[in-house]
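The values are calculated or read from the model by the stated rules, or taken from the named source; none is laboratory data. It should be emphasised that the depicted structure is a prediction, and the values quoted were computed from it without experimental measurement. Cβ atoms come from the backbone with ideal geometry, glycine included; neighbour counts cover every protein chain shown.
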Amino acid sequence: MNSSALNRPAESLDVDHEWDNPYLLLTPGPLSTSPTVRTAMLRDWCTWDEDYNFGIVTPIREKLAALAAPSEPEAYTCTLMQGSGTFSAESMIGSAVPADGKLLVLANGAYGNRLAQIASSLKIDHLVHDSGELAPPDVPRLDQTLRDDSAITHVICVHNETTTGMMNPLAEIASVVKGHRKTFLVDSMSAFGGVPLDLATLGIDFLVSSANKCIQGVPGFGFILSTREAIGKTEGNARSLSLDLFAQWKMLEEGGGKWRFTSPTHTVRAFHQALLELEEEGGIAVRHARYSENHRVLVEGMTTLGFRCLLTPELQSPIITAFHNPENPDFSFLRFYQDLKERGFVIYPGKVTGINAFRIGTIGHVFPGDFDRLISAIKASMSWR
């Protein structure tokens, strides 16, 4: 592992200019970005110009396909889509599932439930397997359901469920889904680019993620990675004009990187810079190692201070970690949050039903030393002890 990847770059240590951030974002996204990613947004671009379409958009699409399916990149293609990650998820679901299709949603948190909401809003025939927020999807139940219900054509799950920070068993799920010859969709918003995987090896047909997650870009667009064969079957399926995945893909392909509607040029340029910085860091495996070390420092430090993780280690991802609130009547999350913000760190409130908890993200342009400082800040802010 490249040890330099674990150390905060020198240019971000002493910040004293107008582009400085007053705090680090320890969230699942948007997240802290590098000064060079932010600086990349300082010039304007014409959406019709070859410098933009061929020089920025096309390389992004090619690089993402190579990252997603390193064993077979030529079989995959990438479609960029304006808006938040949810826009891209809706584009994927609304375009991949035909009118006579049926979608099985594997939900174990707020973001799995959101996928079901999308299917419901689009009036897509669907079934939900809800395993609860503290358990992974039930793989044997999935297998039995696919045996029993031949009408199911597509299955979707969340890769990393940031409601709790749980890393779902993607390989096990993929094996069952592909064993039944169903189309497999994956929401990898908060994991793609930070967790090694190969879509071709797993047999994933569609995967959606967002610019402002583990690639460490800024908000403004998402992207759908798919096999060329799978996206070719989506023509005419879309329930939306602007979120028509096939039409967007076709324009990007035939227009040499041109988007159907106005693209978020500054965000796209920042993302191109972020991809270059991922390469410079050593790729996804090295970034995953940094995130894992961030997580280790965080959990060890929090445990020393008496905090308890919500999940057991075997279910936990290195993306975001949920901690139980201290069992002390004097503890107030809002006061805790505000105090840490004033000390240079922004954390996340909890999202688990019926459990008082908060979350701390370990992805973005953040390093193990930042989490040493965080632990010191938390220790200093523990006025309720």
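Across the stretch 132-172, what is the number of residues that are farther than 20 Å from I204 by Cβ, among the hydroxyl-bearing types (S, T, Y) and either in a strand (DSSP E or B) or more than 20 Å from the chain's Cα centre (by Cα) (or both)? Going through the stretch 132-172 one residue at a time, the tally reaches 1.
Selection of the stretch 87-100 for residues being in contact (Cβ under 8 Å) with a residue 60 or more places away in the chain and either outside the structural domain of K213 (by TED's automatic domain parsing) or surrounded by fewer than 24 Cβ atoms within 10 Å (Cβ to Cβ) (or both) yields F87, G94, P98, A99. Could we say that T262 is in the same structural domain as G194 (by TED's automatic domain parsing), surrounded by fewer than 16 Cβ atoms within 10 Å (Cβ to Cβ), over 16 Å from G193 (Cα atoms) and in contact (Cβ under 8 Å) with a residue 24 or more places away in the chain here? Yes. The set of residues in the stretch 368-380 being more than 16 Å from F336 (Cα to Cα) and either polar (S, T, N, Q) or buried (at least 23 other Cβ atoms within 10 Å of the Cβ) (or both) consists of F371 alone. Among the residues of the stretch 353-362, which ones are touching a residue at least 40 places away in the same chain (Cβ under 8 Å) and either touching a Lys or Arg at 6+ places or on another chain (Cβ under 9 Å) or within 15 Å of I378 (Cβ to Cβ) (or both)? Passing the criteria: A357, R359, I360, G361, T362. Scanning the stretch 218-233 for residues that are within 9 Å of G85 (Cα to Cα) and touching a Cys at 6+ places or on another chain (Cβ under 8 Å) returns a single hit, F223.
Identify the residue in the stretch 48-80 that is part of a loop (DSSP other than H, G, I, E, B) and out of contact with any helix residue (DSSP H, G or I) (no Cβ under 6 Å at 6 or more places or on another chain) and, among all such residues, is surrounded by the most Cβ atoms within 10 Å (Cβ to Cβ). It comes out as P70. Take the residues of the stretch 183-208 that are in a loop (DSSP other than H, G, I, E, B) and polar (S, T, N, Q): which is nearest to N294 (Cα to Cα)? Selected residue: S190.
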